[in-house]
1. For residue 154, what residues show an amide H to amide H distance below 5 Å, using hydrogens built from the backbone and excluding near sequence neighbours?
2. Where does each of 142-149, 6-13 land if you order them by average Cβ count within 10 Å, highest first?
3. For residue 101, enumerate residues with amide H under 5 Å from its amide H, sequence gap 5+ or separate chain, H modeled in the peptide plane.
4. Quick one: which residues, 5+ away or cross-chain, put their amide H under 5 Å from the amide H of residue 145? H built at 1.01 Å from N.
5. Which of the pairs 9/64; 4/101; 9/118; 118/140; 95/118 have their Cα atoms more than 23 Å apart in this structure?
Amino acid sequence: MVDKRTMEKYERDAKEAGRESWYISWALGSTPRKRLKGKTVEVGRSYFETAPRRYTIVDAPGHKPYVPSIISGAAQADVAILVISADARALMLVKTAGVNKIVIVINKMDDPTVERSKACYEEIKERLSPFVRQAGYNLKSDVTWLPVSAQTAANLKDRVS
């Protein structure tokens, strides 16, 4: 968990860097290189603990030139979170690496053209489901769908009903 003061620092730093809306992504241990490029270019790690377990969050790039890093990150995972901007190739790489459970995050639900529409969210799920099934995942037992807004932190910091 990132404390409030640290998040406020990320907000200030991001604003000074002209990347005001990116402050949340900086909480995952962004390197100066990642912040400059505005995308993940290498595998990053963050940790947190609960009473019974220690969790490691592995942030791997999703862009084609970084496929070796995607594989490296996926090979360390028990559960994957696939952000929708990722393509079918990333889904196949994650499954091939042995990740049996995935959370599919549907981002940009804050976009004015979406208007937080449940119909839009359901359409995205419907269109992606064949790819997810084809990759070998059971939609009922292996997949969790999560609509979010990374920019406003909706459904990231606080649950949206």
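Any read-out appearing in this document is the output of simple, stated calculations on the displayed coordinates, not a laboratory observation. Because the structure is predicted, anything quoted here is derived from the model rather than measured. FYI the Cβ positions are ideal-geometry reconstructions off the backbone, even for glycines, and counts take in every protein chain you see.
1. Under 5 Å from the amide H of residue 154 lie the amide H atoms of 149, each far enough along the sequence or on another chain.
2. Numbers: 142-149: 17.8, 6-13: 13.9.
Most protected by this proxy first, the peptides run 142-149, 6-13.
3. 80
4. Those qualifying (amide H under 5 Å, at least 5 residues apart or on another chain) are 104.
5. Check vs 23 Å cut-off fails for 9/64; 4/101; 9/118; 95/118.
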